[in-house]
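First up is the structure itself, then whatever we jot down about it.
The values are calculated or read from the model by the stated rules, or taken from the named source; none is laboratory data. Owing to the predicted nature of the structure, the values given are computational and were not obtained by experimental measurement. Quick reminder, even Gly has a Cβ in these numbers, built from the backbone with ideal geometry, and neighbours come from all protein chains shown. For the accessible areas, the whole protein counts, side chains as well, though only heavy atoms, and no ligand, DNA or RNA atoms are used. Shrake-Rupley method; radii C 1.70, N 1.55, O 1.52, S 1.80 Å.
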Amino acid sequence: MSILCLRKYPRAPIISGFSILTALLTTTSRLNAEPSVAEQRVAEAIKAQHLSVVHLWAPWCSNCQAELKSGGWIKMVKDNPNVHFYFVSVWSGGEDGAAMLKKFEITDQSNVTILADPGPRGQNHIKQFAGLPLSWVPTTWIYKGGDLRYALNYGEARFPLLQQFLDDSESEWSHKGESKID
C-alpha cells in the first residue's frame with residue numbers, strides 16, 4: 001500500500017498502514033492477553049481446600065454500594081472467619097475501591113483480600129474473569145478446592161441466601177443408599 005496513493009485527494013483522510021496494523025495488534029493482544037495479576041492471584045487462591053468467596057464489584061456501582069451500606073458484607077466476613085473473601089474491583093480502570101471498603105470496616109479483616117483488575121471501564125471492559133463469564137456487577141462466586149460451588153451472577157447478594165450457600169458448600173452429602181426412581 002502506498003501512502004502517496006492515499007494522499008491523492010486533498011480532503012480524503014490520511015490512513016497509515018501503521019495505524020491499521022497497530023489497531024489490529026492491539027485488538028489481538030487484548031483477546032490473547034495474559035490474565036491480570038488479580039485474576040492470577042484469585043485463580044491460584046480458589047484451589048485451596050477451604051471456602052473462598054470471590055466478589056466482583058465496582059466502587060461506582062449503586063448495587064455494589066447498596067450491599068455495603070446494608071452491612072451484609074461485614075457481617076458475612078465476621079461470621080465466617082474460616083472463609084476467605086476476595087473483593088475484586090472490576091471495570092474501574094484499576095481502582096481497587098479500598099477507600100470505600102475501609103468505610104465499612106472490610107479492609108481491617110484478616111480473611112479479606114482486596115484486588116483490582118486493571119481493565120478499563122466502558123465498552124472495552126473485561127468480559128470474563130478466572131475463566132468464567134462476567135457481564136454484571138456485583139457478581140459473587142463460591143469455591144471450594146478449585147470447584148465452583150455457587151455463582152450469583154446478576155445483582156446484589158441476599159446475605160441469608162449467601163450464608164446458606166456457604167453452609168451447603170461445607171456439608172458433605174451423597175445420594176448413596178437412597179432408593180431410585182423407577
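Tabulated values for the structure
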quantity: Inter-label distance, nm, simple model (7 Å from Cα along the C-beta direction), Ala99/Trp136; calculated: 2.9
quantity: Anisotropy class of region 40-87 from Cα gyration tensor, a/c 1.5 cut; calculated: oblate
quantity: Globularity index of region 37-125, i.e. its alpha-carbon radius of gyration over 2.2 N^0.38 Å; calculated: 1.05
quantity: Region 25-182, relative contact order [Cα under 8 Å, separation at least 6], %; calculated: 27
quantity: With DNA, RNA and ligands ignored, accessible area of Leu115 (1.4 Å probe; Å², nearest 10); calculated: 10
quantity: Label point at Leu161 placed 7 Å out along Cα→Cβ; residues across region 38-54 whose backbone nitrogen lies under 17 Å; calculated: 54
quantity: Sequence-distant residues sharing a close amide H with Arg149 (under 5 Å, placed H); calculated: Ile142, Tyr143, Lys144
quantity: Highest to lowest packing among 47-54, 144-151, scored as the average C-beta count within 10 Å; calculated: 47-54, 144-151
